[in-house]
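J.: I have a structure here, written as structure tokens, and I will follow up with some questions on it.
The values are calculated or read from the model by the stated rules, or taken from the named source; none is laboratory data. Keep in mind that what you see is a predicted model, and the values were worked out from it rather than measured. All Cβ positions, even for glycine, are placed from backbone atoms using ideal geometry, and neighbour counts span all protein chains on display. Note: areas computed on protein heavy atoms with side chains; ligands, DNA, RNA excluded. Shrake-Rupley method; radii C 1.70, N 1.55, O 1.52, S 1.80 Å.
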There are 2 protein chains.
Amino acid sequence: MRIISEVRSFGGVQGVYSPKSESTGTDMTFAVFVPDHVPGARLPVLWYVSGLTCTHANVMVKGEYRAACAEYGLVLVAPDTIPRGDDVPDAEDEYDFGKGAGFYVDATEQPWAEHYRMRSYLEQELSALITENFPVDMERQSITGHSMGGHGALTVALRNPETFRSVSAFSPIVAPSQVPWGEKALGRDRAAWREYDAVTLIKDGANCPPLLVDQGTADDFLEEQLQTDRLIEACKANSISAEIRMQDGYDHSYFFISTFMTEHIAWHARFLSA
Amino acid sequence: MRIISEVRSFGGVQGVYSPKSESTGTDMTFAVFVPDHVPGARLPVLWYVSGLTCTHANVMVKGEYRAACAEYGLVLVAPDTIPRGDDVPDAEDEYDFGKGAGFYVDATEQPWAEHYRMRSYLEQELSALITENFPVDMERQSITGHSMGGHGALTVALRNPETFRSVSAFSPIVAPSQVPWGEKALGRDRAAWREYDAVTLIKDGANCPPLLVDQGTADDFLEEQLQTDRLIEACKANSISAEIRMQDGYDHSYFFISTFMTEHIAWHARFLSA
């Protein structure tokens, strides 16, 4: 596994790695924070899945997660959002399509299908890599994410409720098949969208791990793209007890995410500790 | 005062402002975090002075200070490190001279003397701006900084011990007149260097507010540029009781700074609270 950097931080090690990926056919970079621990110990894992235009680095630099991960003894894994490199097709000048906008799907259309295989990468390949290379207990995993990554966290957890003890999200896209970002990104085969849409998965009867969502009321994307109400209604209609909090005056940025990061980690730690 | 942005974060407002500066003849950008407070209250101020190549934004994005500032009710002010703009002379391709390397001096040589007036800007002009425009109690100020900004914090505090109740630094340049960075930046008039050198100011008998320093042992600049031992010796020889801590395995980056930021803020808060 190619080590890009390993730096001491908050009594642990913040690492960045970039091994070759079978799923995407590219090098895939990810960040892992491992707090200091008793030799031989295996720690629970919290996944953080990022939003449009982001890499592994955004949350690593701006997310303010290390203090709480060190306190609760959690490993945090932050994958990149898409495959990168000159061979990977892109939609130039579009932040919400092509590079920057993987939406955690396995693409089926050309020219995307060869490299854009973020679902396989995340759920299988990276999961195996983390198991092999870090002091983790994969019986204890939770997942969180932001915006497009909130969509990622929700859909991964709803498809794999036995794998994740809890799921949370910051300003998630909850129903991509109903909003412009998703309509644009999810391709022509609308039937295939069902498993990439949290609200649809819930309506289709998915089991949901304990769920926490924070959404800023001053988020410019709330009305058109995020539509948190759809998640609130779907949870209600399907008797899923979720904690979905509207946070007054907060926007879509890491100034918002970092504010509530410690609370999310503490919340996940309750499910991961035993 | 020109507002660049004001964003809700950690129950307060993170603002960025860029008014015209009389001192430098340019627009000067700075960041201010104001935690929520009782209307009419005036809060203590902690200054954070940044290092080589930095702007106001580095600590704002990576410093992880807002949680502790909100907890202790402190306003944090982060100035830029130099004047900017096409009119400002620069030394191209040199990260440690010209733009990026103001060293918090008032330059006296050409072509620098017109714009590089960071001492006057910081100690007088910005201080007055903060007094006028924010809910602050300027009777309660402390100062901290990183690297070149650690040098800035130490020298500003040692020259103005009646203004600052406490001073701290992360990996500071403690004796610029003895190391390559300072030799390069401080100009030809070596006699003028005395008041821009923390160790010299201490040897010359300056009063020192309570002092806390954190320095990583894995910092690549420690041996050649930082030389923390010189500060330890100067404090000892002049009976200044400083807390200077070598932090095992930490480097020069914000992964280090953010680790100890909360401790620094809590330490300053002890002096600022009364």
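J.: Find the relative contact order for the stretch B:135-211 and round it to a whole percent, using C-alpha pairs within less than 8 Å whose residues are 6+ positions apart.
T.: The normalised contact order for the stretch B:135-211 reaches 33 percent.
J.: Same structure, new question: What ranking, highest mean first, results for peptides A:171-178, A:148-155, A:211-218 when packing means the other Cβ atoms within 10 Å averaged over each residue?
T.: On the way: A:171-178: 25.5, A:148-155: 29.6, A:211-218: 21.2.
Peptide ranking by packing, descending: A:148-155, A:171-178, A:211-218.
J.: From the Cα gyration tensor of the stretch B:178-255, with a ≥ b ≥ c the square roots of its eigenvalues, which class applies: rounded if a/c is under 1.5, or else prolate if a/b is larger than b/c, or else oblate?
T.: It comes out oblate by the Cα gyration axes.
J.: Going from most exposed to least, what order do A:Ile257, B:Ile244 have by accessible area with a 1.4 Å probe?
T.: These residues rank, largest area first, as B:Ile244, A:Ile257.
J.: Let me ask another. P(r) for the stretch B:43-115: what percent of alpha-carbon pairs falls in each 5 Å bin, starting at zero?
T.: Histogram of Cα-Cα distances, whole percents per bin: 3, 15, 22, 20, 14, 11, 8, 6, 2, 0.
J.: Summing -39500 (n - 2.57) over the DSSP H runs of n ≥ 4 in chain B and dividing by its residue number, what mean residue ellipticity at 222 nm do you reach, to the nearest 500 deg cm²/dmol? Please list the in-between numbers first.
T.: Values: 8 runs with 73 residues, N = 274.
For chain B, the value works out to -7500 deg cm²/dmol.
J.: Follow-up question, since we're still on this one. Taking chain A as a Gaussian network, Cα atoms linked when under 10 Å apart, which of A:Thr131, A:Thr144, A:Thr26 shows the biggest mean-square fluctuation?
T.: A:Thr131
J.: Over the stretch B:187-266, what relative contact order in percent results from Cα pairs under 8 Å that are six or more residues apart?
T.: On the way: 72 pairs, mean separation 28.8, N = 80.
Relative contact order for the stretch B:187-266 comes out at 36 percent.
J.: Under a Cβ-only charge scheme (Lys and Arg +1, Asp and Glu -1), can you give me the dipole magnitude of the protein assembly as shown about the Cα centre, in debye to the nearest 20?
T.: Working: 44 positive and 78 negative charges, 278 e Å.
Approximately 1340 debye in magnitude.
J.: Let me ask something else about it. Quick test of the membrane-span-like rule: which DSSP H helices of chain A reach at least 15 Å along their long axis (C-alpha atoms) with mean Kyte hydropathy at least 0.0?
T.: Span-like helices here: A:148-159, A:254-272.
J.: How many percent of the accessible area of chain A is carbon or sulfur, using a 1.4 Å probe?
T.: The C+S portion of the solvent-accessible surface of chain A is 47 percent.
J.: Rolling a 1.4 Å sphere over the protein heavy atoms, what is the accessible area per residue of chain B, to the nearest Å²?
T.: In whole numbers, chain B has 39 Å² accessible per residue.
J.: To continue, here is another question. Give me the percent relative contact order of the stretch B:3-272, please, defined on Cα pairs under 8 angstrom at least 6 residues apart.
T.: In percent, rounded to a whole number, it is 17.
J.: Using a 7 Å offset from Cα along the direction of the beta-carbon, what are the separations from A:Met246 to the same position in each other copy, nm, ascending?
T.: Its label point is 5.6 nm from the equivalent points in the other copies.
J.: Provide an ascending nm list, one decimal, of label-point separations from B:Val38 to the equivalent residue in each further copy; define each label point as 7 Å from Cα along Cα→Cβ.
T.: 4.7
J.: Right, another one. In the protein assembly as shown, with Lys and Arg counted as +1 and Asp and Glu as -1 at Cβ, which of these residues, B:Thr228, B:Gly85, B:Cys208, has the Cα nearest the positive end of the dipole, that is, farthest along it?
T.: B:Cys208
J.: With respect to the axis carrying A onto B, what is the closest chain A residue by Cβ position, and how many angstrom separate it from the axis?
T.: Measuring from each Cβ to the axis, the minimum is at A:Glu64, 3.
J.: Another question, then. Give the average, rounded to an integer, of partner chain Cβ atoms located within 10 angstrom of each Cβ in A:67-74.
T.: 1
J.: Here is a follow-up. Provide the percentage of antiparallel DSSP beta bridges, counting only those with both residues in the stretch B:3-272; round to the nearest 5.
T.: Expressed as a percentage, antiparallel bridges in the stretch B:3-272 total about 45.
J.: Right, another one. Given A:Lys20/A:Lys99; A:Lys236/B:Lys62; B:Lys99/B:Lys236; A:Lys99/B:Lys20, which pairs have Cα atoms separated by over 29 Å?
T.: A:Lys236/B:Lys62; B:Lys99/B:Lys236; A:Lys99/B:Lys20
J.: Considering only the protein assembly as shown, what is the antiparallel percent among its DSSP beta bridges, to the nearest 5?
T.: 45
J.: Shifting gears a bit: In nm, to one decimal, how far is the modelled label at A:Ala266 from the one at B:Glu162, with both set 7 Å along Cα→Cβ?
T.: 4.4
J.: Further, regarding this structure: Counting only residues 5 or more places away or on other chains, whose amide H sits under 5 Å from the amide H of B:Trp47 once H atoms are built in the peptide plane?
T.: Close amide H contacts, sequence-distant or interchain: B:Val77, B:Ser142, B:Ile143, B:Thr144.
J.: Still on this structure, please answer the following. Mind listing the long-range amide H neighbours of B:Val213? Cut-off is under 5 Å, sequence gap 5 or more, other chains count too, H placed in the peptide plane at 1.01 Å from N.
T.: B:Ala169, B:Glu243, B:Ile244, B:Arg245
J.: What does the protein assembly as shown give for Rg and for Dmax, in Å, if only its C-alpha atoms count?
T.: Looking at the protein assembly as shown, its Cα Rg and Dmax stand at 25.1, 78 Å.
J.: Quick one: Karplus J couplings for the stretch A:51-58, per residue in order, coefficients 6.51, -1.76, 1.60, θ = phi - 60°, nearest Hz, x for Gly and Pro?
T.: x, 3, 6, 8, 10, 4, 7, 4
J.: So, one more: Please give the FRET efficiency for A:Lys184 paired with B:Asp36, using the beta carbon to beta carbon distance and R0 = 41 Å, rounded to the nearest 0.05.
T.: It comes out at approximately 0.60.
J.: In addition: Once the dipole of the stretch A:3-272 is set up with Lys and Arg at +1 and Asp and Glu at -1 on Cβ about the Cα centre, which of A:Ala113, A:Ala128, A:Phe271 lies farthest towards its positive end?
T.: My answer, from the dipole projection, is A:Phe271.
J.: Output, in nm with one decimal and in ascending order, the distances from the B:Glu114 label point to the matching label points of the other copies (7 Å from Cα along Cα-to-Cβ).
T.: Label-point distances to the other copies, shortest first: 5.5 nm.
J.: Still on this structure, please answer the following. Only counting protein heavy atoms at a 1.4 Å probe, give the residues of the stretch B:1-45, ordered by number, whose accessible area falls by 40 Å² or more when the other protein chains are present relative to the chain alone.
T.: By number: B:Val7, B:Arg8, B:Phe10.
J.: Follow-up question, since we're still on this one. Please work out the ratio of the alpha-carbon Rg of chain B to 2.2 N^0.38 Å and round it to two decimals.
T.: 0.93
J.: Right, next: Please give the Cα centre distance for the stretch A:145-173 versus the stretch B:159-185, rounded to the nearest Å.
T.: That distance is 47 Å.
J.: About the Cα centre of chain A, what is the dipole size in debye to 20, counting +1 per Lys and Arg Cβ and -1 per Asp and Glu Cβ, all else neutral?
T.: Dipole size: approximately 780 debye.
J.: Quick one: longest stretch of chain B between exposed loop trypsin sites (Lys or Arg not before Pro), exposed meaning at most 12 other C-beta atoms within 10 Å and loop per DSSP?
T.: In short, B:3-187.
J.: How large, in Å, is the stretch B:1-137 by the Kirkwood hydrodynamic radius built from its alpha-carbon pairs?
T.: 15.4
J.: For peptide A:247-260, compute the average count of partner chain beta-carbon atoms within 10 Å of each residue's beta-carbon.
T.: Mean partner shielding for this stretch: 4.
J.: What shape does the stretch A:145-274 take by its C-alpha gyration tensor, where a ≥ b ≥ c are the square roots of the eigenvalues and a/c under 1.5 counts as rounded, a/b above b/c as prolate, and the rest as oblate?
T.: Numbers: a/c = 1.74, a/b = 1.12, b/c = 1.56.
Here the stretch A:145-274 falls in the oblate category.
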